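Working notes, structure below.
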Amino acid sequence: MKGTWQPSCVAEDRMPTCICDYCARNLETPSRLWGRVPAVDVVRLEKNEGLGFQRPIRVLFPTSGDLRDTIFSITSLPPSYKGPFIAVLNDADKSVVARNLIFLLMMFVEENPAIAAENVLHLCKLEPLVEEVCDKIARKPGYTKLRKTWKFGESSVQVVLTRNDWFSLLSYFDVPRGMTKDAAQQARQIIMSAPERVGYVDSVMCTKSPTGKLAMRKFRDNGLLLPFGQLGEEFTIPNTTLFDPRRCWPLHDTADPADGWPTKSFLEFPTGPAKNDVYGKLHYYLKHLFKKFHERIRSLPIELTLSCFDLEYLPLCLTEKYFDRIQVSGVCDQGQDGVDLTLRTFGPLLQPVSVNPHATLITLFQDAIASITISLDVGPHFAEDPFTAFPREITRLIMMQMPEIKREVESVDHWRTGMIKTIHGLRLMYEVEGIFKSHMLWCRFEQLAANARLVMKTTNTIISPWPMRFGILEHGSRDFALLFSSNHTGQERYVEWKVATDKDAKDVDE
C-alpha cells in the first residue's frame with residue numbers, strides 16, 4: 001500500500017467519522033473468539049510462591065475466552081516445577097468451548113509438535129472423538145450434566161456439558177450444506193466491508209505504517225493468518241468454529257488476532273527477510289509458542305477441564321473447591337453489579353491463607369475508563385473545532401513522540417489525518433489513575449471486598465496494574481509507536497484481590 005494513502009474523508013472533503021472506541025462498541029457482536037488484551041501468565045510462580053513450590057497449582061478461568069492465558073501460564077512455568085497443573089476453563093459461549101476442545105485434543109493427539117502447531121493455527125478437526133461421546137449419550141435427558149475425560153499419559157482433558165450442549169458441540173465439526181469457500185467469504189465480507197464502517201477502518205489504518213496498512217488490508221480481505229507470499233490457496237474448507245448456526249460471521253470487524261498476544265514479543269520475533277510483516281511475525285511467533293506448549297504438556301502432569309455454564313451456576317459444578325488463581329474478565333466492566341457478582345461468587349473459591357497466602361483473584365477492567373469519560377462527559381470534544389478541544393500539554397507530548405503528526409496537522413492536505421492520529425494518541429496519554437480511583441469509590445470496591453472477605457492488593461504481584469500504559473519516563477518513542485499502531489488503549493486495568501486476614505479487616509475498619 002502506497003505511503004501516500006489517505007482516509008476517505010480527505011477525498012470527500014469532510015470531517016472524519018467513527019474515530020473512537022465507543023463507535024466500535026456500539027456495533028459490538030456477542031461473540032469474542034479472540035482476546036482483546038495480550039496473553040498473561042496468571043501464575044508468576046517465581047514472584048509469588050517461589051521456585052521451590054512443588055504442590056499442585058489450581059487455576060480457574062470462569063470466563064476463559066480462548067486458551068491464550070492458559071498457554072502462556074503453562075509455558076511460563078519454571079522447568080523445576082513438576083506439577084500437577086490443574087485448570088478449569090469455563091465459558092458460556094459454546095463456540096469458544098468447541099474451539100478450545102479442538103485445540104487441546106489436537107495438541108495431545110498429534111505427537112509431531114510442528115504438525116500440531118500448524119494444525120491448531122488453522123483449527124483442523126477431530127470429529128470422531130466427539131461423535132463417540134454423542135453416540136453413548138443419545139438417549140439421556142437434554143439437560144443432564146455429562147463428563148468425558150480423555151487421558152494422555154499423566155495428563156487429561158475433561159469436558160463437562162449438558163447432553164444438549166454435547167450435540168451442539170458436534171455441530172461445530174460439520175460444514176453446513178451450501179457453506180462453500182465463496183459463501184463463507186461472502187458472509188465474512190458483509191461484516192468486514194460494511195459501508196457504515198469505512199470511517200472506523202480508515203481511522204485504524206491511519207495508525208499503521210505502510211506495511212502495517214498492507215497487512216491489515218490483506219487480513220481483512222481473506223482472514224488467513226499467513227506471512228506475505230503465502231496465498232493460502234489450500235484453505236478451501238470453511239472453519240465452522242468461526243460461523244454461527246445461521247452461517248453468519250459472528251465476530252465484529254474490530255476483531256484482530258494480534259490483540260491477544262504481546263505486541264513487542266511477536267514483532268521482535270525473528271522471521272527472516274520480511275521484517276515488517278506484522279501477521280507473518282505473529283504466525284511464526286504462535287507456531288513457536290504452540291510447539292513450546294506441545295512440549296510442556298508432555299513433560300508436566302496437566303489436568304484441564306472445559307465447561308459451558310453461567311457464572312452464578314459454575315461454583316455448583318466444580319469438583320475442585322479451592323483455587324490458587326482465579327482470573328475473571330468481561331464481568332467487572334458491568335459497573336458495581338459486575339464487581340459485586342465477581343467478588344461474591346469467586347472470592348470464597350480462593351485457597352485459604354493457611355494453605356496458600358499467595359492465592360489471588362485477578363480482575364480485568366477493559367472498558368471502565370472509556371465508560372466513565374463518556375458518562376461523565378469528560379475528555380476532548382471535537383465536533384466543531386477539534387484542535388481547540390485537545391489538552392495542549394498532552395498534544396505536545398504526542399507530537400514529541402511522533403513529529404510527523406505535527407507536520408500533518410499543519411498541512412492543508414493532511415490535517416484530517418493528523419487530527420485522527422491526535423485523537424488516537426490522546427487515549428494513550430490521558431491521565432487515567434484519578435478516573436479509575438473515582439470508579440473504585442463509585443463501585444464501592446472496599447465495601448464489596450469486605451463483604452466477600454477479600455481485600456484489594458496494594459501492589460499487584462501477578463500482572464502490572466496498567467500493563468499497556470505509556471509512561472514518558474519509562475518508555476521511548478518506539479514503545480509509543482508500537483502502542484499507537486495496536487488496537488490497545490493503554491486504559492486496560494488489572495486489579496488483584498486476596499483473602500482478607502484479621503489484620504486486613506482491622507485496617508478496613510479503621
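Could you list, in sequence order, the residues of the range 309-318 that are farther than 10 Å from residue 346 by Cα and touching a Ser or Thr at 6+ places or on another chain (Cβ under 8 Å)?
Quick first cut of the range 309-318, residues farther than 10 Å from residue 346 by Cα only: 309-310, 313, 316-318.
Selection gives 317 alone.
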Here the residues within the range 197-211 that are part of a helix (DSSP H, G or I), out of contact with any Asp or Glu (no Cβ under 9 Å at 6 or more places or on another chain) and not β-branched (Val, Ile, Thr) are 199, 202, 203, 205, 210
Quick check: anything in the range 403-412 of a type in the set (Ser, Thr, Tyr), part of a loop (DSSP other than H, G, I, E, B), over 25 Å from the mean Cα position of the chain (by Cα) and modelled with pLDDT under 90?
yes
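Yes or no, residue by residue, for (1) more than 19 Å from residue 316 (Cα to Cα); (2) surrounded by 16 or more Cβ atoms within 10 Å (Cβ to Cβ):
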| residue | (1), (2) |
| --- | --- |
| 90 | no, yes |
| 99 | yes, yes |
| 106 | yes, yes |
| 113 | yes, yes |
| 120 | yes, yes |
| 145 | no, no |
| 160 | no, yes |
Mind counting the residues in the range 171-184 that are assigned to a helix (DSSP H, G or I) and crowded, with 16+ Cβ neighbours inside 10 Å?
1
Checked the range 147-158 for anything touching a Lys or Arg at 6+ places or on another chain (Cβ under 9 Å) and exposed (fewer than 14 other Cβ atoms within 10 Å of the Cβ); matches are 153
With criteria (1) part of a helix (DSSP H, G or I); (2) of a type outside the set (Lys, Arg); (3) surrounded by 17 or more Cβ atoms within 10 Å (Cβ to Cβ), residue 326 comes up short on (1)
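Please find, among 395, 388, the residue that is more than 22 Å from residue 486 (Cα to Cα), at pLDDT below 90 and in a helix (DSSP H, G or I).
The conditions single out 388.
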Mind checking whether some residue in the range 274-285 is outside the structural domain of residue 78 (by TED's automatic domain parsing), over 26 Å from residue 192 (Cβ atoms) and under 16 Å from the mean Cα position of the chain (by Cα)?
no
Just to be sure I understand the filter: pairs with C-beta atoms under 7 Å, separated by 6 or more residues or on different chains, first member in the range 456-470 and assigned by TED's automatic domain parsing to the domain that holds residue 480, second member assigned to a loop (DSSP other than H, G, I, E, B) and among the hydrophobic types (A, V, I, L, M, F, W, C). Which pairs pass?
462/42; 463/40
Residues satisfying the stated conditions in the range 73-118, i.e. of a type outside the set (Asp, Glu), touching a residue at least 24 places away in the same chain (Cβ under 8 Å) and assigned to a loop (DSSP other than H, G, I, E, B)
76, 77, 78, 80, 81, 82, 83, 84, 92
I'd like to know if the range 343-353 contains one or more residues that are in contact (Cβ under 8 Å) with a residue 12 or more places away in the chain, out of contact with any Gly (no Cβ under 9 Å at 6 or more places or on another chain), among the aromatic types (Phe, Trp, Tyr) and part of a loop (DSSP other than H, G, I, E, B).
no
Out of (1) polar (S, T, N, Q); (2) buried (at least 20 other Cβ atoms within 10 Å of the Cβ); (3) touching a Phe, Trp or Tyr at 6+ places or on another chain (Cβ under 8 Å), what's the single condition that is false for residue 63?
(3)
Kindly check whether there is at least one residue in the range 18-33 that is surrounded by 17 or more Cβ atoms within 10 Å (Cβ to Cβ) and modelled with pLDDT of 90 or more.
no
One residue from 321, 218 being basic (Lys, Arg), assigned to a helix (DSSP H, G or I) and either in contact (Cβ under 8 Å) with a residue 24 or more places away in the chain or outside the structural domain of residue 199 (by TED's automatic domain parsing) (or both)
218
Tell me, yes or no, whether the range 426-435 has at least one residue that is in a loop (DSSP other than H, G, I, E, B) and over 25 Å from the mean Cα position of the chain (by Cα).
no
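The values are calculated or read from the model by the stated rules, or taken from the named source; none is laboratory data. Computed from a predicted structure; not experimentally measured. When we count neighbours, we look across all protein chains shown, and the Cβ atoms used for this are built from the backbone with ideal geometry, even at glycine.
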